[in-house]
Each structure stands twice: as structure tokens, then as C-alpha cells.
Amino acid sequence: MSPIVTIIILNWNGRDVLDACLESLQQQTFRDFRVIVVDNASTDGSLDLVPRIFPAAEIMALGRNTGFARGNNIGFGSVDTPYTALLNNDTVACPDWLASLVSTMEETPEAGFASSRMLLCDQPELIDRAGDTYCQSGTALLRGRGKPADTFLQREWVFGACAGAALYRTAMIKRIGLFDEDFFLRYEDIDLSFRAQLAGYKCIYVPEALVYHRNGNSIGENSPKSLYYSHRNLEWVYIKNMPTGLFLKSLPLHLLYNLGAFLFLAAGGQIGIFLKAKIAAFKDLKTILGKRRKVQALKNVTDDYLWLLMEKEAFLPRIKRKLTHP
């Protein structure tokens with residue numbers, strides 16, 4: 001009998017973290033799942049851990065580092081189960097993690113995907129994120145980042161799910177597509193969440209689905225690579241997904257956000273990365289607009305619904321959070 005869930009774990013040189021992730025899956029109370037480990041050409045021997053810790057896991061060893069988006073897409077090509085879970089290799093899932101996600105989705109047919117509650121592994125008293133938020137300025141926020149772990153305990157609708165620990169209806173993914181591979185990494189899950197919302201699929205936040213996350217383990221949260229892809233890809237998400245009426249409504253806020261980011265990064269000596277990212281974002285505007293036409297054709301919700309789902313931009317709290325929880 002076919003399992004209900006396929007869990008995809010993308011790995012790249014994760015020898016220091018992959019063992020704990022796989023061991024946590026061995027402890028899951030919900031057992032009706034299969035595991036696919038997609039390896040992005042690791043050189044640290046981390047794949048040797050897989051058969052020892054989780055012998056039943058399937059391995060897809062890629063010949064090069066394809067990035068987060070394409071690596072997960074390759075894994076998804078082998079999915080034939082009703083649900084698909086994505087789990088970062090630097091996470092540790094609590095025993096009821098998968099059971100909580102599956103039961104919530106079964107009880108909530110209007111939900112197309114579900115978000116976990118993620119705590120910082122090194123600071124378990126703090127939230128890493130409690131779902132994802134998209135702002136009216138056309139940028140994303142990590143919902144709950146830095147807040148006490150005993151908050152955000154209510155199940156509720158949110159904009160999107162962090163792909164580091166999320167559950168998706170496979171039928172939804174087949175309709176809207178998984179990740180845009182041009183993103184390589186960063187913001188690809190925000191883009192997916194936006195496309196899902198446009199198509200009428202809701203995201204449910206499940207606080208009982210608890211995961212501990214070693215934040216920024218692979219590339220560093222504020223590394224040059226992370227900043228580059230974040231500031232390039234946020235423009236692609238905005239241009240591709242924001243409906244025309246909301247685009248015009250939000251554009252002044254979006255420009256104000258970019259001005260603030262410019263000044264903030266200039267003060268930190270990182271203005272070169274910011275400018276390089278923005279130039280790259282608009283270098284192939286024709287391709288982005290082509291994607292926009294396809295995305296907007298899926299739109300099945302009102303502008304008012306989307307606008308109310310987005311948060312108002314709070315510039316000063318965002319800067320404070322960057323300074324205190326980088």
C-alpha cells in the first residue's frame with residue numbers, strides 16, 4: 001500500500017546536521033511516509049550517514065549543486081503520494097510534527113498547505129518563524145522571528161509556509177508548480193505561497209507541528225550570497241505575483257522599502273551586493289513579465305482578500321529586528 005506522505009530532504013554538505021534530522025524522522029508517531037534525500041553533490045561524506053540512520057530512505061545523488069529550488073523540484077518528480085513534505089537537513093522534527101500536519105490538513109480541506117512552528121535550535125526559547133508573512137510593501141517577513149517560544153500557539157490562517165518544514169497537497173503543487181528554479185535559493189517558498197494564494201489555496205499554521213532549526217546553517221543568514229539572492233528574488237516575487245491593482249497601490253511602499261534597505265546596507269558596507277542584486281533582478285524583465293502573465297492567469301481571489309492577508313510594513317521594527325536578531 002502506497003504511503004500518504006513523501007518527505008523530501010535536500011542536502012548539501014550537511015554531515016554535521018543530517019544525522020539529527022534523520023533520527024528525528026525515525027521517532028515520528030505518524031509512520032505512513034517515505035523519505036527522499038536529494039543530495040546537491042556533497043563532498044563531506046554526509047550521504048554515508050543516510051543508510052546507517054535511515055536505511056529505508058531513497059537517495060538521489062545529483063552531479064552538481066543545483067540549488068534549493070531545483071534540488072527540491074527534482075525530488076518532487078518522484079512523488080506519487082497525496083501529500084509532500086519539505087524538510088531542511090538542519091532541522092530536528094519533534095515526534096508529533098508530521099502527525100499534527102497531516103491531521104490538520106485532513107480536517108481542513110480548504111487548506112492547500114500547512115506551516116510548522118519553528119524554534120531556533122541554539123536558542124529554543126525563541127521562535128525562528130511561525131509561518132511566513134508578506135507585507136504590503138512587497139517584501140517578506142519571518143512571522144514571529146525572535147518572539148518567545150510560548151507565543152503564536154493558535155492555529156490560524158497565514159500567508160505562507162517556510163519550505164524548511166512544510167506540508168503541501170501534492171495536487172496543489174501539480175497545478176501551480178513547485179519552485180521557480182531561476183531563484184536558486186531564497187524567496188522561492190514565498191513565491192510558491194503567493195502563487196498558491198492567488199490560485200485560491202489557503203495556508204494553515206499548525207503550532208503543534210514543532211521543529212527546531214539551525215538557522216542559516218548552509219549559507220549564513222546575512223552572508224553576501226544570502227543578501228544577494230534575497231534582494232534579487234524579492235523583486236521577482238513582487239513583479240510576478242502582485243496583481244496590477246495592488247502593484248500600483250503598493251509601489252510607493254515598495255520603493256520606500258528599497259530606499260531603506262539601500263541606506264541600511266550602505267551603512268554596513270554592503271551596498272555593492274544590493275546594487276548587484278537589483279541590476280540582476282531587472283536584467284531580464286521580459287522573462288519575468290512572461291512568468292507574470294502565466295501566474296496572473298491562475299488568479300482566483302479578490303484583491304481585497306490578498307491585501308488584507310498582507311501585513312502593513314513596519315520599517316522601524318524591521319530594522320530593530322535586523323540589528324538584534326540578524
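Where in region 90-169 are there strands (runs of 3 or more DSSP E), lying wholly inside it, with at least 2 residues that are modelled with pLDDT of 95 or more and of a type outside the set (S, T, N, Q)? Fully inside region 90-169 and qualifying: 91-93, 111-120, 127-129, 132-134, 156-158, 165-169. Assess whether Leu10 counts as being among the aliphatic types (A, V, I, L, M), outside any loop (DSSP other than H, G, I, E, B), within 29 Å of Gly200 (Cβ to Cβ) and touching a Gly at 6+ places or on another chain (Cβ under 9 Å). Against the criterion (among the aliphatic types (A, V, I, L, M), outside any loop (DSSP other than H, G, I, E, B), within 29 Å of Gly200 (Cβ to Cβ) and touching a Gly at 6+ places or on another chain (Cβ under 9 Å)), Leu10 qualifies. For region 100-118, the tally of residues that are out of contact with any Cys (no Cβ under 8 Å at 6 or more places or on another chain), aliphatic (A, V, I, L, M) and either buried (at least 24 other Cβ atoms within 10 Å of the Cβ) or free of Cβ contacts under 8 Å to residues at least 60 places away in the same chain (or both) stands at 1. Assigned to a loop (DSSP other than H, G, I, E, B) and either in contact (Cβ under 8 Å) with a residue 12 or more places away in the chain or surrounded by fewer than 19 Cβ atoms within 10 Å (Cβ to Cβ) (or both): does that describe Gly245? Criteria not met by Gly245. Scanning region 291-311 for residues that are outside any loop (DSSP other than H, G, I, E, B) and either in contact with a Phe, Trp or Tyr (Cβ under 8 Å, 6 or more places away or on another chain) or within 15 Å of Asp191 (Cα to Cα) (or both) turns up Lys291, Arg292, Arg293, Lys294, Val295, Gln296, Leu306, Leu309, Glu311.
Here's the yes/no breakdown for (1) within 24 Å of the chain's Cα centre (by Cα); (2) touching a residue at least 60 places away in the same chain (Cβ under 8 Å); (3) not assigned by TED's automatic domain parsing to the domain that holds Asp182:
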position: Tyr238; (1), (2), (3): yes, yes, yes
position: Asn241; (1), (2), (3): yes, no, yes
position: Leu256; (1), (2), (3): no, yes, yes
position: Leu263; (1), (2), (3): no, no, yes
position: Gly269; (1), (2), (3): no, no, yes
position: Leu289; (1), (2), (3): yes, no, yes
position: Arg293; (1), (2), (3): yes, no, yes
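Going by the structure shown, is Asp304 over 23 Å from the mean Cα position of the chain (by Cα) and modelled with pLDDT under 90? Against the criterion (over 23 Å from the mean Cα position of the chain (by Cα) and modelled with pLDDT under 90), Asp304 does not qualify. Within region 48-76, residues that are buried (at least 16 other Cβ atoms within 10 Å of the Cβ) and assigned to a strand (DSSP E or B) sit with their Cβ atoms under 9 Å from residues that are modelled with pLDDT of 95 or more and aliphatic (A, V, I, L, M), at 6+ positions apart or across chains, in these pairs: Met60/Ile36; Met60/Val37; Met60/Val38; Met60/Ile74.
May I ask you to verify whether Asp150 is acidic (Asp, Glu) and either within 30 Å of Thr287 (Cα to Cα) or outside the structural domain of Ser100 (by TED's automatic domain parsing) (or both)? Here the answer is no, as Asp150 does not meet what is asked. Only one of these conditions is not met by Ala41: (1) within 26 Å of Glu208 (Cα to Cα); (2) surrounded by fewer than 20 Cβ atoms within 10 Å (Cβ to Cβ). Which number is it? With (1) within 26 Å of Glu208 (Cα to Cα); (2) surrounded by fewer than 20 Cβ atoms within 10 Å (Cβ to Cβ) applied to Ala41, the lone miss is (1).
The values are calculated or read from the model by the stated rules, or taken from the named source; none is laboratory data. Since we're looking at a predicted model, the values are computed, not measured. Positions of Cβ are generated from backbone atoms using ideal geometry, with glycine treated the same way; all protein chains shown enter the neighbour counts.
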